[in-house]
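First comes the structure, then the notes that go with it.
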Amino acid sequence: MLSTGLSHSPTNQTDITGASQGPSHLGNRTDWNPTAVEIYNSTGHGADGKELLDKWLAYILRVIVPGRHVLDAGCGTGPDSIICAKSLQARSVVGVDINGEMIRVAIAKREDLSPEIKEKIQFIVGDATTTNWLIPSVRQSFDVTLSVNVGCNIRDLTKYVEVMTRATNEGGQCIITAPDNFATVFTDGSLTDIQKEERLKCIDEKLRAINPNDPKAAEQVKAAFNGQGFIYRATVALIDNQYQVIMTDDQLAALEPGAAIFRKLPGMVVPNYYHSADEYVMALEKCLSGNVKIKSHTGCFNDHEEQEKYNAENPDSLLGKEYIGKNPFVAYEVTISRACK
Ligand SMILES: C[S@@+](CC[C@H](N)C(=O)[O-])C[C@H]1O[C@@H](n2cnc3c(N)ncnc32)[C@H](O)[C@@H]1O
């Protein structure tokens, strides 16, 4: 049942910090950008995330009505945990992340909040693909389980979705957001189509020249994008033993679910795993025995005018026309019913 939230008493929680676990969640991949924590922290998420993500999150997070207990799985440096506790007046928030350094920064950020907001938020180091972190000193189930762009860090989506749905109360909402549009190159809108095509061709040539067996291949993928600030988001994958920028649905279709990819994000290139929208839906259906209605939300510019207005108001974040009708993220929302679990 949903909690009524009548009592003000929050969780009385203690953080669980653990030693820094670094990039362990990336399996054997050691190419995680060491500055990711700093970048996430200074920008709220990615370099354009402060504006676009907030706009989009406000739309998605409207279900977090005051008084609800919220899990933020894969909370990073905690921007969404803080939004939930502060602006959305959640009753309590547990932010879990596998990376101890992210949690350390999240805890430090929480220090700047007022005492009554601060005491609502507990940060713990934990793996969202296991239930090991569901221990007595941590709330066991939640009215809202939220996870913002974490599936792309996880090879096995089913395990993660299982934990998310299991941790959600009867009648509660499970909201998982993920990257979408892997075959779209999102730009800052500063170049003409011809200029963009020329520059992309040049990057693609550099990528194809990289030997994927070279231990420095990840560094070289990153270097290929250096100085290409006009690309906000793009996906790079190994196809026919060559790194390529993914630009067509055919290239995307050649990828296996869970394939290792690189994503160019604002300010960084990160190693990720590829999961299609269908995979998220299938994982949710599997965990909820198929008997589930999944709402998919995308918040994006509806037309050119809306985009122009946004760009005029945010001169540091000129989003290209690719953002019209194609948000780079999608949110899957399900209401949990025990009958379907
Ligand atoms: C793209 S970031 C998103 C962070 C945060 N949700 C935000 O919106 O800023 C992905 C986060 O998921 C975390 N992560 C990856 N695998 C995880 C796992 N198995 N369990 C918990 N957190 C995980 C990473 O450490 C990283 O902080």
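Based on the alpha carbon coordinates of segment 258-341, what radius of gyration and maximum Cα-Cα distance (Dmax) apply, in Å?
Over segment 258-341's Cα set, Rg and Dmax evaluate to 17.0, 49 Å.
Can you put Val148, Val330 in order of Cβ neighbours within 10 angstrom, beginning with the fewest?
On the way: Val148 27, Val330 19.
So the residues, fewest neighbours to most, are Val330, Val148.
Among the lysines, which fall within straight-line cross-link reach of Lys109, defined as a Cα-Cα distance under 28 Å, with same-chain neighbours fewer than 8 residues apart omitted?
Straight-distance partners of Lys109: Lys50, Lys55, Lys86, Lys118, Lys120, Lys264.
If you plug each phi of segment 179-185 into the Karplus form 6.51 cos²θ - 1.76 cosθ + 1.60 with θ = phi - 60°, what whole-Hz ³J(HN,Hα) values come out, in order, with x for Gly and Pro?
My calculation for segment 179-185 gives x, 9, 6, 5, 9, 10, 9 Hz in order.
Where does each of 312-320, 257-265, 230-238 land if you order them by average Cβ count within 10 Å, highest first? The partial results should precede the final answer.
Details: 312-320: 14.2, 257-265: 19.7, 230-238: 21.7.
Listed from highest to lowest mean packing, they are 230-238, 257-265, 312-320.
If the limit is 30 Å between Cα atoms, which of Lys293/Lys326; Lys286/Lys326; Lys206/Lys286; Lys159/Lys295; Lys159/Lys326 go over it?
Working: Lys293/Lys326 23 Å; Lys286/Lys326 27 Å; Lys206/Lys286 41 Å; Lys159/Lys295 21 Å; Lys159/Lys326 28 Å.
Long pairs (Cα-Cα over 30 Å): Lys206/Lys286.
Describe numerically, in nm with one decimal, the distance between label points set 7 Å from Cα along Cα→Cβ at Asn241 and at Thr192.
It is 4.0 nm.
Along the three principal axes, how long is segment 100-154 when you take its alpha carbons, biggest first, rounded to the nearest angstrom?
So the three principal-axis extents are 33, 24, 19 Å.
For segment 229-280, evaluate the Debye formula with one uniform point scatterer on each Cα (no solvent term) and list log10 I(q)/I(0) at q = 0.16, 0.27, 0.28 Å⁻¹, rounded to two decimals.
For segment 229-280, the Cα-only Debye profile gives -0.45, -1.14, -1.20.
Report ³J(HN,Hα) in whole Hz for each residue of segment 105-120, in order, from the Karplus equation J = 6.51 cos²θ - 1.76 cosθ + 1.60 where θ = phi - 60°; Gly and Pro get x.
Result, ordered by residue: 5, 4, 5, 5, 5, 4, 4, 7, 8, 5, x, 6, 7, 4, 6, 7 Hz.
Which order do the peptides 157-168, 209-220 come out in when sorted by mean C-beta neighbours inside 10 angstrom, highest first? All intermediate terms of the calculation are to be shown ahead of the outcome.
Working: 157-168: 22.0, 209-220: 13.2.
Highest mean packing first, the order is 157-168, 209-220.
Since every read-out is calculated from the coordinates, none of them should be taken as a lab result. The shown structure was predicted, so the numbers you read here are calculated from the model rather than taken from an experiment. Cβ atoms come from the backbone with ideal geometry, glycine included; neighbour counts cover every protein chain shown.
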